[in-house]
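J.: Structure below; questions to follow.
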Amino acid sequence: MRKFKPKKNLLREFIFKSGMKQSSEQTVKSLLRSIVEPVIENNSDGVVLIRLFDTKGLDGLLKRLDYAKAGVYFYSDIGENIVNVSQEDIWESTEFAIVLAPRYCAALVWDYGISEIKGYSNINFYLNSRRIQDILKIVLDNSRIDFMPDVEPYSLERRENELMCDALHKVVDCLNDAVMENTVNVEAVVNRQDKPILGVEVRKIIHEIRNNLSVIDLHSKIIEKRAEKTNSDAAQKIINASSIVEKSTRIINVLLDELKDTAEFKLEKLNLSDIVEMVLELVAPKIAEKDLNVQIQLNDVNILGDETKVLGVLLNIINNAIYALKENGKLKVSSSENHDGTVSIFVENDGAAIACEVLSKIFDEGFTTKKMDGGSGLGLSISKASMLSMGGNLNLISSDEKMTIFELKFKKAQGGC
């Protein structure tokens, strides 16, 4: 049996080496998912070592870990059935996740206790890097169980994969810069003399920012999934995933412009199939997580709309549909051309029906049925207003035990538009 020697919190040194990078809570949790999920989804052998305090938003991931082929061990008390394998509590507020699998290793270290910004954590992470060996040694030295026989089959990289790690750090930096800029601009507007008038608008903008940040979080994990492959295609895959991140940050930037009262939306001809494809690409990880049955039946037609507003509305409606669905549920997106020169997009799901007593309130500002999950009651009211501003409309067609159907109605774009 190894003799344990109490040490100071050596894991923080790896955070200091990162230059004290700061990331939002959403980004940290998405990075955590991104390094763990490849092992789960590929049913891979391996070892996962985790120290975690706040499990909000991670219940699905933790449940899937229960059925993972890899061995999973926790260094914190997060539930009745979780055994804490720490020898001593020497890491204070520092948390970590280490994943070891054939030809793949990853480590994420973060600490909310040393950040000066509430809700932000200082982080560092490594992929297929020899530096993970040093982090692993610190963790194993403070374990009540001898994990050496478990980790020995998974040899770590002998050379530092600096390009991969640097590229991913830069992506995270860009995302968090956008979040920081949003925060500064919102505070500036709130402090203006006319803030009673602007209060509701600021809340709307914050809601949309959060909506798009959820997309950013999802696709940060895609970047890391692709990066686990070290073949010659890895760089291109990172670029492809980054392009999706850019689409979401572009939406955020437009919303920031609206916050500054300088944005002007522009009606233009948009291809219906292209718009729907972009949105489905953004929510693909959520669809995969619930293994949804997705059906697409679209007309070959162009609509009139502002691309950012259309993407935002459609993203919100489809996100709501996915939220209502259980695993293996049905999500259908279809369209029809109407005799009045309009085009309708129908978003259908066979999840839980909207209660009769709230049907008349769903477009009211501030009304939500997702209070337990942090719903603000702004999504549908914002979407309705956006559709009306483009000369269209958003309606709930029906909701019962069989199907819930929303209709987005747009003006049809003519050939020369």
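The values are calculated or read from the model by the stated rules, or taken from the named source; none is laboratory data. Just so we're clear, the structure is a prediction, and the values are computed from it rather than from any experiment. Note that each Cβ is placed from the backbone with ideal geometry, even for glycine, and that neighbours are counted across all protein chains shown. Note: areas computed on protein heavy atoms with side chains; ligands, DNA, RNA excluded. Shrake-Rupley method; radii C 1.70, N 1.55, O 1.52, S 1.80 Å.
J.: Give the accessible area for V83 in Å² (nearest 10); use a 1.4 Å probe, count only protein heavy atoms, and leave out ligands, DNA and RNA.
T.: Spelled out: V83, probe radius 1.4 Å, area about 100 Å².
J.: Considering only C-alpha atoms, what is the centroid distance from segment 265-297 to segment 11-50, in Å?
T.: 28
J.: Something else now. Would you mind checking the pairs K29/K361; K309/K361; K118/K326; K326/K412 and listing those with alpha carbons more than 31 angstrom apart?
T.: K29/K361; K118/K326; K326/K412
J.: May I ask you to give the average projected area over all directions of the convex hull of the Cα atoms of segment 1-132, in nm² rounded to one decimal?
T.: Details: hull surface 34.5 nm².
Approximately 8.6 nm², given one-decimal rounding.
J.: From the P(r) of segment 296-345, could you give the percentage of C-alpha pairs in the tail past 11 Å?
T.: 74
J.: Take E268 and K56, extend 7 Å from each Cα along the Cα→Cβ direction, and tell me the distance between the two endpoints in nm.
T.: Using points 7 Å along Cα→Cβ, the separation is 3.9 nm.
J.: Using modelled amide H (1.01 Å from N, peptide plane; none on Pro or chain starts), what sits under 5 Å from the amide H of V72, excluding residues fewer than 5 places away?
T.: V48
J.: Rounded to the nearest 10 Å², what accessible area does M278 have for a 1.4 Å probe in the complete protein model?
T.: Here the accessible area works out near 40 Å².
J.: Hey, with R₀ at 41 Å, roughly what FRET efficiency would E357 and Q133 work out to, going by the Cβ-Cβ distance, to 0.05?
T.: Efficiency computed from Cβ-Cβ geometry: 0.10.
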